[in-house]
Amino acid sequence: METLVPVLGDQLSLNLPSLAAADRERSVVLMAEVMREASYVGHHKQKIAFIFSAMRHFAIALRKAGWRVDYITLENPDNTGSLAGEVQRAAARHGCGRVLATKPGEWRVLEDMSGWGALTGCETVLLEDTRFLCPLDEFAAWAEGRKQLRMEYFYREMRRKTGLLMEGDEPAGGRWNFDAENRKPAEGSLFLPRPFRAVPDAVTKEVLALVAQRFAQNFGRLEGFAYGVTAQDAQAALEWFLREALPCFGDYQDAMLKGEAWLYHSVLSPYLNTGLLDPLEVCRRVEDEWRAGRVPLNSAEGYIRQIIGWREYVRGLYWLKMPGYTDENALAAHRPLPAFYWTGETDMLCLREAITQTRDTAYAHHIQRLMVTGNFAMLAGINPREVHEWYLAVYIDAFEWVEAPNTIGMSQFADGGLLGSKPYAAGGNYINRMSDYCGSCRYDVKQRTGRDACPLNALYWDFLVRNGEKLRGNPRLAQVFRTYGKMAEEAKRDLHRQASAFLKAL
Ligand code: FAD
Ligand code: DLZ
Ligand code: SF4
């Protein structure tokens, strides 16, 4: 009996557990471009193009490696439009008795997969995805009985487990975390590396034409698509990062500059999240750069922490808290997402920059996601479910296991503080310190009230007071509430009037 091995669009690794476990001679790999996956949110055009092209290239790589691959394109006239439908058809077509799959990255798809056995009449085996450092049962054991799940402690466990940046039992440099050195604002005169760009080949060009035609109404531009789509491209992107950007990654990790999308960020998340790069290998290469004296420790540690710390931690949290996590709304925020999130048409320059750049590239770096689009949505009381669906749609690297905890937890505080010990809330001052946006903005970042005042200033105080009952007891917010308490009553009234008028006009 043949075994069917379905491989999803973010499972593009030759060492995928289901491929490793399958007998190449008696298996058929199924890959399918299906409308349901391409439309469960209104994905950015470049995201669909990236996934489809990477899938088509991976099918070629599998065939080269000796696998039989049944690849169903979106245009295939018999395409049922769903993964389940394609698995059912393929199992019948190839006379399969067994379906062997690797568990997916989203709860929604896991539920679907759980029905594949009944649907196909095949014995169905779902294997754990081993392309992460921390198995889900290990994360659950770590989380068990802890009142607070803090990334920093989890991260230390991962450092010990992997031996990355360790000197015996001690962290290299005597500290676990060098973040205090990683908050330099960027000046416009900085020498910035030119980003890595892959040249679209014939396969990618065909996919770009397909996406332009079939997803014409979706958000985002396709022009200028330059993401890599193979493991070789991803490796080249890694080499580019190690050479050009990693040395300054730490220093300017939180900085933002007008017209500059990438700064010193790696832009490796699309490849890591689809399996074209291996996270541990990336971290070992980063460590090697530090040990060879080519990059400072604050850059190497900062980078490795994002991957073995944050990336693994949010995945553990997602599977611990699903289903239900994506519906959390601890601050009872119900305002609809403003239309300008889809157009960039706003006078607030920080938001305009982040959104138009997202439209053009399907990318924004972490601080733009957290402190610009995320911060505004939280201050304005936007429904976190809508915010979540926006992030899931617009970024090239967005898969729910990583996007949802970052959005619902880190950026919107909608999980009530499970992921973060306080809301990442900020007024215009923070943006002004970390970017060169405010100087060119129609609003004045120094003003709190009046026609020209930066809207974030009044919104910040309004947010805190609006959610005072839930936030006042937070020791990390004690100082800001004290500052508010000392304001004159008239100043408080003016702030709330300003915020209310702005929100009413949104
Ligand atoms: P770099 O700055 O070069 O960082 C290196 C790597 O570390 C990234 O490639 C990524 O794999 C990992 N990383 C860094 N921060 C995080 C984090 N907070 N959580 C998980 N991994 C992290 N990341 C995604 O991969 N997919 C998402 O859908 C996603 N949605 C986000 C939504 C919001 C609201 C926020 C605040 C953050 C989100 N992130 C997401 C995390 C982070 O912003 C991106 O990983 C990062 O911007 C990707 O760009 P980069 O590869 O240049 O990252
Ligand atoms: C994101 C995506 C898209 C746009 N299209 C497909 C597809 O046509 N076929 C497929 O197998 N996977 C696709 N994906 C990735 C899946 O949505 C992803 O595997 C699940 O969300 C689980 O993480
Ligand atoms: Fe953003 Fe306010 Fe600065 Fe304008 S002034 S860029 S709205 S923070």
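So if I check each of Arg131, Arg160, which one is buried (at least 16 other Cβ atoms within 10 Å of the Cβ) and basic (Lys, Arg)?
Arg131
Given Thr204, Thr230, Thr274, which one is away from ligand 1 (no atom under 12 Å from the Cβ), polar (S, T, N, Q) and out of contact with any His (no Cβ under 7 Å at 6 or more places or on another chain)?
Thr204
Filter the stretch 1-31 for residues that are away from ligand 2 (no atom under 16 Å from the Cβ), assigned to a helix (DSSP H, G or I) and among the hydrophobic types (A, V, I, L, M, F, W, C) and give the result.
Selection gives Ala20, Ala21.
Could we say that Arg146 is modelled with pLDDT under 95, more than 16 Å from ligand 2 (Cβ to nearest atom) and touching a helix residue (DSSP H, G or I) at 6+ places or on another chain (Cβ under 9 Å) here?
So Arg146 fits the description; yes.
Can you confirm whether Ala362 is within 22 Å of Phe376 (Cβ to Cβ) and either modelled with pLDDT under 95 or within 15 Å of ligand 1 (Cβ to nearest atom) (or both)?
Against the criterion (within 22 Å of Phe376 (Cβ to Cβ) and either modelled with pLDDT under 95 or within 15 Å of ligand 1 (Cβ to nearest atom) (or both)), Ala362 qualifies.
State all residues of the stretch 422-444 that are under 28 Å from the mean Cα position of the chain (by Cα) and either among the aromatic types (Phe, Trp, Tyr) or in a helix (DSSP H, G or I) (or both); if no residue qualifies, say none.
Tyr424, Gly428, Asn429, Tyr430, Ile431, Asn432, Arg433, Met434, Tyr437, Cys438 - these are the residues of the stretch 422-444 that are under 28 Å from the mean Cα position of the chain (by Cα) and either among the aromatic types (Phe, Trp, Tyr) or in a helix (DSSP H, G or I) (or both).
Filter the stretch 281-322 down to the residues that are within 13 Å of Ile408 (Cα to Cα) and not basic (Lys, Arg), then identify the one that is farthest from ligand 2 (Cβ to nearest atom).
Leu317
Out of curiosity, is Cys454 touching a Gly at 6+ places or on another chain (Cβ under 6 Å), buried (at least 19 other Cβ atoms within 10 Å of the Cβ) and over 17 Å from Ala332 (Cβ atoms)?
Values: touching a Gly at 6+ places or on another chain (Cβ under 6 Å): yes; buried (at least 19 other Cβ atoms within 10 Å of the Cβ): yes; over 17 Å from Ala332 (Cβ atoms): yes.
Yes: the conditions hold for Cys454.
Within the group Ala118, Ala54, Ala92, which residue is among the aliphatic types (A, V, I, L, M), in a helix (DSSP H, G or I) and either crowded, with 19+ Cβ neighbours inside 10 Å or under 21 Å from the mean Cα position of the chain (by Cα) (or both)?
Testing whether each residue is among the aliphatic types (A, V, I, L, M), in a helix (DSSP H, G or I) and either crowded, with 19+ Cβ neighbours inside 10 Å or under 21 Å from the mean Cα position of the chain (by Cα) (or both) leaves just Ala54.
I need the full set of residues from the stretch 9-36 which are among the acidic types (Asp, Glu), surrounded by fewer than 20 Cβ atoms within 10 Å (Cβ to Cβ) and either under 20 Å from Val87 (Cβ atoms) or within 16 Å of ligand 1 (Cβ to nearest atom) (or both), in order please. Talk me through it step by step, then tell me what you get.
Of the stretch 9-36, the ones among the acidic types (Asp, Glu) are 10, 23, 25, 33.
Filter once more, keeping what is surrounded by fewer than 20 Cβ atoms within 10 Å (Cβ to Cβ): 23, 25.
Once the filter is applied, which keeps residues that are among the acidic types (Asp, Glu), surrounded by fewer than 20 Cβ atoms within 10 Å (Cβ to Cβ) and either under 20 Å from Val87 (Cβ atoms) or within 16 Å of ligand 1 (Cβ to nearest atom) (or both), the stretch 9-36 yields only Asp23.
Being closer than 27 Å to Arg24 by Cβ and free of Cβ contacts under 8 Å to residues at least 12 places away in the same chain: is that true of Arg89 here? Step through it out loud before you land on a result.
Numbers: closer than 27 Å to Arg24 by Cβ: yes; free of Cβ contacts under 8 Å to residues at least 12 places away in the same chain: yes.
It is true that Arg89 is closer than 27 Å to Arg24 by Cβ and free of Cβ contacts under 8 Å to residues at least 12 places away in the same chain.
State yes or no: is Arg243 basic (Lys, Arg), without any contact (Cβ under 8 Å) to a residue 60 or more places away in the chain and not assigned by the TED database to the domain that holds Ser53?
Yes; evaluated as a whole, the condition is true for this residue.
In the stretch 427-448, how many residues are free of Cβ contacts under 8 Å to residues at least 60 places away in the same chain and either more than 22 Å from Leu263 (Cα to Cα) or within 16 Å of ligand 2 (Cβ to nearest atom) (or both)?
Number satisfying all stated conditions: 6.
Considering the stretch 62-89 alone, what residues qualify as being in a loop (DSSP other than H, G, I, E, B) and among the small types (Gly, Ala, Ser)?
Here is the first cut: in the stretch 62-89, the residues in a loop (DSSP other than H, G, I, E, B) are 65-68, 73-82.
Residues satisfying the conditions are Ala65, Gly66, Gly81, Ser82.
Only one of Arg305, Arg294 is outside the structural domain of Val394 (by the TED database), crowded, with 19+ Cβ neighbours inside 10 Å, of a type outside the set (A, V, I, L, M) and modelled with pLDDT of 95 or more; which?
Sole residue among the options that is outside the structural domain of Val394 (by the TED database), crowded, with 19+ Cβ neighbours inside 10 Å, of a type outside the set (A, V, I, L, M) and modelled with pLDDT of 95 or more: Arg305.
Tell me the helices (runs of 4 or more DSSP H) entirely within the stretch 445-497 that contain at least 1 residues that are closer than 18 Å to Gln412 by Cβ and at pLDDT 95 or above.
Details: elements: 455-466, 468-471, 478-486.
Here the list reads 455-466, 468-471.
Looking for something outside the structural domain of Val394 (by the TED database), among the aromatic types (Phe, Trp, Tyr) and farther than 17 Å from Gly105 by Cβ - is there at least one such residue anywhere in the stretch 33-45?
So far as the stretch 33-45 goes, no, none of its residues is outside the structural domain of Val394 (by the TED database), among the aromatic types (Phe, Trp, Tyr) and farther than 17 Å from Gly105 by Cβ.
Read through the list (1) within 29 Å of Ser421 (Cβ to Cβ); (2) in contact (Cβ under 8 Å) with a residue 12 or more places away in the chain, then give the number of the only condition that Gly163 fails.
Every listed condition holds for Gly163 apart from (2).
The values are calculated or read from the model by the stated rules, or taken from the named source; none is laboratory data. Fair warning: this is a prediction, and the values are worked out from it, not measured in the lab. Counting neighbours? That spans all protein chains shown, and the Cβs are built from the backbone with ideal geometry, glycine included.
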